[in-house]
1. Looking only at the stretch 244-254, decide whether some residue is modelled with pLDDT under 95 and either assigned by TED's automatic domain parsing to the domain that holds G159 or in a helix (DSSP H, G or I) (or both).
2. Among the helices (runs of 4 or more DSSP H) lying completely within the stretch 272-366, list those that include at least 2 residues that are within 15 Å of the ligand (Cβ to nearest atom) and under 15 Å from T146 (Cα atoms).
3. When you check A288 against the structure, is it small (G, A, S) and touching a residue at least 40 places away in the same chain (Cβ under 8 Å), yes or no?
4. Check every one of the helices (runs of 4 or more DSSP H) wholly within the stretch 112-212 and list those with 1 or more residues that are over 28 Å from the mean Cα position of the chain (by Cα).
5. State whether one or more residues within the stretch 151-165 are of a type outside the set (S, T, Y) and more than 16 Å from the ligand (Cβ to nearest atom).
6. Which of the residues belonging to the stretch 160-173 are surrounded by fewer than 24 Cβ atoms within 10 Å (Cβ to Cβ) and in contact with a strand residue (DSSP E or B) (Cβ under 6 Å, 6 or more places away or on another chain)?
7. Those residues that are over 19 Å from S12 (Cβ atoms) and either touching a Cys at 6+ places or on another chain (Cβ under 9 Å) or part of a loop (DSSP other than H, G, I, E, B) (or both), I need them from the stretch 55-72; list them, please.
8. Checking V267 against (1) within 16 Å of the ligand (Cβ to nearest atom); (2) farther than 29 Å from V411 by Cβ; (3) among the β-branched types (V, I, T), which single condition isn't satisfied?
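The values are calculated or read from the model by the stated rules, or taken from the named source; none is laboratory data. Note that the structure is a prediction, hence the values are computed from the model and not measured. A quick note on method: Cβ atoms are made from the backbone with ideal geometry, for glycine too, and the neighbour counts reach across all protein chains shown.
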Amino acid sequence: MEKKGYLRQLSSVDEVLQLPAVQVLVESYPRSVVVEAVRTIIDEIRQTILSASDAAELGELSLEPEHLVPLVSELVERSMSPQLRRVINATGVVIHTNLGRSILNAAAVEAIAEVAKSYSNLEFDLKKGERGSRHMHIEDLICTITGAEAGMVVNNNAGAVLLALSAVAEGKEVIASRGELVEIGGSFRIPDVMRQSGAALREVGTTNKTYIADYEENITADTMLLLKVHTSNFKVLGFTAEASLEEMVALAKEREIFVMHDLGSGVLIDLGKFGITYEPTVQDSVRAGVDIITFSGDKLLGGPQGGIIIGNRDLISRMKKHPLARALRVDKMTLAGLEATLRFYLDPDRAVKEIPTLSMIIASQSDLEDKAKSLAAKLKEESGNYSIEVEKDISMVGGGALPVEKLPTWVVVVTSTEFSAAELERKLRIFSPPIVVRIKEDKILLDVRTILPEDFDDIAQAFASIR
Ligand SMILES: *Cc1c(COP(=O)(O)O)cnc(C)c1O
């Protein structure tokens, strides 16, 4: 085989760079990126030549510099397009941690853009004309909605738990039930966070049953906190017992210590009236008299990533002054998005309409059925090689919330005569924009619960162009 001949014919990086079409690329993209792309493409062809096993393979190669242009151009565009980008969530999992958890309401997005592109009063008290605190903007709002005395926001709920434990219980003991030593994923484990905070964990009770007496018998002179952790991503069923918040608060008061509740999701509206299983609300914990309550901003609350801490004013002010508060501090964009989201909660009927996470969870069967039918009709119009049907199925809330809740939903079921479900799933996943779907019994399911109206055209295009 004439490999040497082929290698000799291969253009040099400079030759390719001189081509007018490549010069056009250099005008719109950083030169270094174009040079790197040219080098990569030439390298790939060289590797193809070196590893070719017969002459026919080599014969198919086109080595004219002009033929490299589309390859270079595609690579440049690929490496210059955002890595973090919009994805169509057709999984039906509303709070999909891998897909960015909650999507934001329009008011939050607008508020974020506003403070992002202009200066703001982030830490400036406009009334007094002096330095202010970034906590001041939404503390009142959080307290109005939850009934708490004080509050602050940090980077996320894991940070909220770490800060609360560090500021309140460092060097002291914290009592927690063995049934609540949870792992949330991404290596957030209660015993590990406890160690990190410098507090000593005292486990009490058993995996399935812990009584108030278990806490009581283990209180020592070193005990600072009774910790309750919401088992947000699993359920213990059968023979179970746990101490109620009221019992824990009464015990803590008597012994002059505090109760902390890591709620995880932090639902602010009882979704029971929409047929969703009761999930402990933030207001329930406040009413029970819990001293420190922590929850996420981007789970059931439906806002941006954040960790909200509310409760006893003295304890919250200790946290605000702790060095970790600075390390975990929330940025202005989060505050803007969270404030706009929280404002909807002043009117719960409005909140369930405007906050996408909530409206997706409580979406009615008839709305989902209509949505599935209209997506199916659109897909049938645009693409011929698929069998497209509409069926009932089940979606999950996700995001470590309501782990056993089965939300009845409607899905568009797609099968192809050409591709297996796994192949189709992959093609949709690498489409632009990527479409993430469910596979069930070798069929592709598009769960319309999490599909946005503006996604319809892209999905139709994907099916039309996948061959
Ligand atoms: C989700 C969760 C956390 C972590 O919250 P992030 O906002 O993801 O940091 C902590 N505790 C519980 C109980 C949770 O459910």
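1. No, the stretch 244-254 has no match at all.
2. 282-288, 332-344
3. For A288, the condition - small (G, A, S) and touching a residue at least 40 places away in the same chain (Cβ under 8 Å) - is met.
4. 157-169
5. Checked the stretch 151-165: no residue is of a type outside the set (S, T, Y) and more than 16 Å from the ligand (Cβ to nearest atom).
6. The answer is K172, E173.
7. Matches in the stretch 55-72: E60 only.
8. (2)
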